[in-house]
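The structure appears below as structure tokens.
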Amino acid sequence: TSPNFPEDYNNSQECIISYKFGKIQVVEFNTEEGYDIMTVNGKRYSGTVGPQGVVPINEHIIWTSDSSITRKGWKICPFPDDDDTTTTIGDDGDDDDDDGGDDDDDDGGEQVVSS
């Protein structure tokens with residue numbers, strides 16, 4: 001979730017979520033359109049349209065808010081593993097990080113850093 005969710009997030013925030021998050025299920029998304037941005041695979045999301053069904057590919061999910069207007073924010077969850085509807089946005093086809101094996105550093109969870 002965005003910081004303070006379901007209350008308004010603060011100004012000048014940044015949050016980084018691991019690309020190992022999995023396919024994104026948007027539960028709620030309401031940010032200042034064009035200024036408070038969630039970026040997934042290089043595509044920017046704001047307003048009321050979030051990255052529904054998108055799978056982060058080798059890039060972290062990045063959230064930033066500017067220094068003025070705030071909104072309620074967002075809540076995203078990983079889709080269950082058995083859901084087979086996937087949207088990949090911004091995939092350049094470069095799979096050089098995927099060797100088909102299990103990465104030893106995969107904790108299967110969410111990594112969040114905020115300031």
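The values are calculated or read from the model by the stated rules, or taken from the named source; none is laboratory data. Predicted model, so just to flag it, every value in this text is computed and none were measured. Methodologically, a virtual Cβ is constructed for each residue, glycine included, from the backbone with ideal geometry; neighbour enumeration extends over all protein chains shown. Only protein heavy atoms, including side chains, enter the accessible area calculation; ligands, DNA and RNA are left aside. Shrake-Rupley method; radii C 1.70, N 1.55, O 1.52, S 1.80 Å.
Computed values, structure above
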item: Any hit, segment 47-56, residues being at pLDDT 95 or above, crowded, with 19+ Cβ neighbours inside 10 Å, of a type in the set (Ser, Thr, Tyr) and in contact with a strand residue (DSSP E or B) (Cβ under 8 Å, 6 or more places away or on another chain); result: no
item: Among residues of segment 61-72, those that are part of a strand (DSSP E or B) and not hydrophobic (A, V, I, L, M, F, W, C), counted; result: 1
item: Test: Asp66 is buried (at least 19 other Cβ atoms within 10 Å of the Cβ), of a type outside the set (S, T, N, Q) and closer than 15 Å to Pro3 by Cα; result: no
item: Tally, over segment 4-13, of residues that are under 22 Å from Glu59 (Cα atoms) and either basic (Lys, Arg) or surrounded by fewer than 17 Cβ atoms within 10 Å (Cβ to Cβ) (or both); result: 1
item: Residue match in segment 14-30 (condition: open to solvent by 60 Å² or more (accessible area, probe 1.4 Å), free of Cβ contacts under 8 Å to residues at least 24 places away in the same chain and more than 18 Å from Pro80 (Cβ to Cβ)); result: no
item: Filter result for the condition that a residue is under 19 Å from Cys77 (Cβ atoms) and at pLDDT 95 or above, over Ile37, Ile16; result: Ile16
item: Some residue of segment 73-93 being open to solvent by 70 Å² or more (accessible area, probe 1.4 Å), at pLDDT below 55 and within 14 Å of the chain's Cα centre (by Cα); result: no
